[in-house]
Each structure stands twice: as C-alpha cells, then as structure tokens.
Amino acid sequence: MVQARQKLIIIGIMLIALVGCWNPFAPSEGQLDGAISLTLTEQRSPDEVLQNFRYAYIYRDSMVYSKLFDTSFVFIYYDPDIGGVGGYNYWGRDTELRTTGRLFRAFDHFTLVWNATIASDTAQSGEISLTKTFDLSIGGDIYLTGNAVFDFLGDSAGVWRISRWNDDSF
C-alpha cells in the first residue's frame, strides 16, 4: 500500500513538472496570427536569408538579424537633407545593427511582406543581386513601401549573407 502511494506521488510530481514547462497560451514556434508560419533557415540561398530577415523583424530578434550581414556590409539610402537637394548616404554593419536594435526596442509590432522580385542577377564573382518590393508596417502607425536591392555573398560553407542593401523606399 505504501509503495503504491509513493508511486502515485512520484507520478503526480512528474506530471506537475511536465505541465509546468508548457504554456498553453504561448503561440507555437513560428506561428503568428494563427495563419502565418515563419521558421528560421540555414541561409543556404538568398531567399532563405530574406526569410530570416522577415523573421528577425516580425519577432524583433536582433541576434537573428546580426547573422544576416557579411562583415563587409554596406547600407545605402537616400537622405533628402544632404546638400539641400538630397543625395545618397551609407553606413556599415555596426551602425546597421545598432540602428535596427534600437528600432526593435522602440516598437512592439512589425509586419514585413516581401512582394515581387523585380530583378535578379548573378555576378561572375558568385554574388547574387535581388531587387525586391516590400511593405513594412512599424507599430501599426508607420508604413513604408518600396524597393530594396540586396547583394548576397556565399561563403565556403554555403551560407549566404547580405553584403549590400540599397533601400529605395518611399
């Protein structure tokens, strides 16, 4: 009788411990709004890099975001305040990671949709360039749409990263 009671107590404790590790209110990994499925990839192609890019924005994950960019990365953007008439400016990987990290902390919600691929090109050096249209909602109040031109580099292990991003958003 005592052994049976001890077994029941041990089984009860194990069940409580097992259920205590499960949160029934948490969404399944990669599930948003019950319909959108996002999973991390190994970045074996430029499309997989962009899937991880979207994941990083939607989940505000700066660690995933940092793995998207080559050490030689350059971000190019139009600055309307340059010289009173506007012009292009740029920054490197460290500034990109710092700036986006601040953006992720400042807003609770991001929606990023990659739309059409307008252009695709493969250079002799093994680089791939893609021009994508996108829609980005930040915090539900700020909406950006436009084109982004990405250059991708693959390494010897077959992992692709972004080496240049030219943002032509409006």
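Only the coordinates and a few stated rules stand behind these numbers; no lab work does. Here the structure is a predicted model, which is why all the values come from computation and not from measurement. No Cβ is skipped: glycine too gets one built from the backbone with ideal geometry, and neighbour counts run over all protein chains shown.
Tabulated data for the structure shown
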read-out: Phi-based couplings in Hz for region 106-114 (Karplus 6.51, -1.76, 1.60; Gly and Pro marked x); value: 7, 10, 8, 9, 10, 10, 10, 10, 7
read-out: Residue list for region 106-127, given a label point 7 angstrom along the Cα-to-Cβ vector of Thr145 and an amide N cut-off under 14 Å; value: 113-116
read-out: Long-range amide H partners of Lys67 with built H, under 5 Å; value: none
read-out: Listed peptides 115-121, 42-48 by packing density, highest first (mean Cβ within 10 Å); value: 42-48, 115-121
read-out: Positive minus negative residues near Ser62 (Lys, Arg vs Asp, Glu; Cβ under 12 Å); value: +3
read-out: Of every Cα-Cα pair in region 76-146, the percent that sits beyond 17 Å; value: 66 percent
read-out: Charge sum, other residues only, whose C-beta stays under 14 Å from Gly146's C-beta, Lys/Arg counted +1 and Asp/Glu -1; value: -2
read-out: Mean Cβ neighbour count within 10 Å, used as a protection proxy, ranking 152-158, 62-68, 84-90 highest first; value: 62-68, 152-158, 84-90
